[in-house]
1. Identify, from the list Val17, Val29, the residue that is under 24 Å from Val90 (Cβ atoms) and open to solvent by less than 20 Å² (accessible area, probe 1.4 Å).
2. Do you know which residues across the stretch 12-34 are small (Gly, Ala, Ser) and either farther than 23 Å from Gly71 by Cβ or touching a His at 6+ places or on another chain (Cβ under 9 Å) (or both)?
3. Among residues belonging to the stretch 32-41 that are among the hydrophobic types (A, V, I, L, M, F, W, C) and open to solvent by 60 Å² or more (accessible area, probe 1.4 Å), point out the one that is nearest to Glu57 (Cα to Cα).
4. For Glu57, indicate whether it is open to solvent by 80 Å² or more (accessible area, probe 1.4 Å), within 22 Å of Lys5 (Cβ to Cβ) and touching a strand residue (DSSP E or B) at 6+ places or on another chain (Cβ under 7 Å).
5. Name the pairs whose Cβ atoms lie under 8 Å apart, with the first residue in the stretch 68-87 and surrounded by fewer than 16 Cβ atoms within 10 Å (Cβ to Cβ), the second of a type in the set (Ser, Thr, Tyr), and 6 or more positions between them or separate chains?
6. Do you know which of the residues in the stretch 49-85 that are over 12 Å from the mean Cα position of the chain (by Cα) and among the charged types (D, E, K, R) is nearest to Pro23 (Cα to Cα)?
Amino acid sequence: MKISKTAQAGALESNDVLVTVAPNEKGGVQVQLETKRVILKQFGKQIEQVVKDQVAEMGAEDVTVKVQDKGALNYTIRARVQTALERALV
């Protein structure tokens, strides 16, 4: 699946995450993670893996995923990535 436009899902509220997806002209899946330093150190790799797994599960290619985390749990991150990708297809 190739996305054709930029789309978002989520919010910058506590315990949520704002996910923005956009076409990646360089190719491949790129994850840009913004969160508190302590969370990045403890859970950064896990959050990136959750995002990459959801992108792969949906079959998306050549996408940049910007994740602005405010303490979201894994299921919330997956849901926001899925919704953003679905919106980018419409």
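The values are calculated or read from the model by the stated rules, or taken from the named source; none is laboratory data. Note that this is a predicted model, so its numbers are computed, not measured. Cβ placement follows ideal geometry from the backbone for every residue including glycine, while neighbour counts extend to all protein chains displayed. Quick note on the areas: whole protein, heavy atoms, side chains included, nothing else; ligands and nucleic acids left out. Shrake-Rupley method; radii C 1.70, N 1.55, O 1.52, S 1.80 Å.
1. Values: Val29 fails: open to solvent by less than 20 Å² (accessible area, probe 1.4 Å).
Just one listed residue meets the conditions, Val17.
2. Ala22, Gly27, Gly28
3. First pass over the stretch 32-41, keeping only residues among the hydrophobic types (A, V, I, L, M, F, W, C): 33, 38-40.
Add one more test, that the residue is open to solvent by 60 Å² or more (accessible area, probe 1.4 Å), and what stays is 38, 40.
Numbers: Val38: 28, Leu40: 24 Å.
Going through the qualifying residues, I end up with Leu40.
4. So Glu57 fails the test.
5. Filtered contacts from the stretch 68-87: Gly71/Ser14.
6. Checking each candidate, the answer is Asp62.
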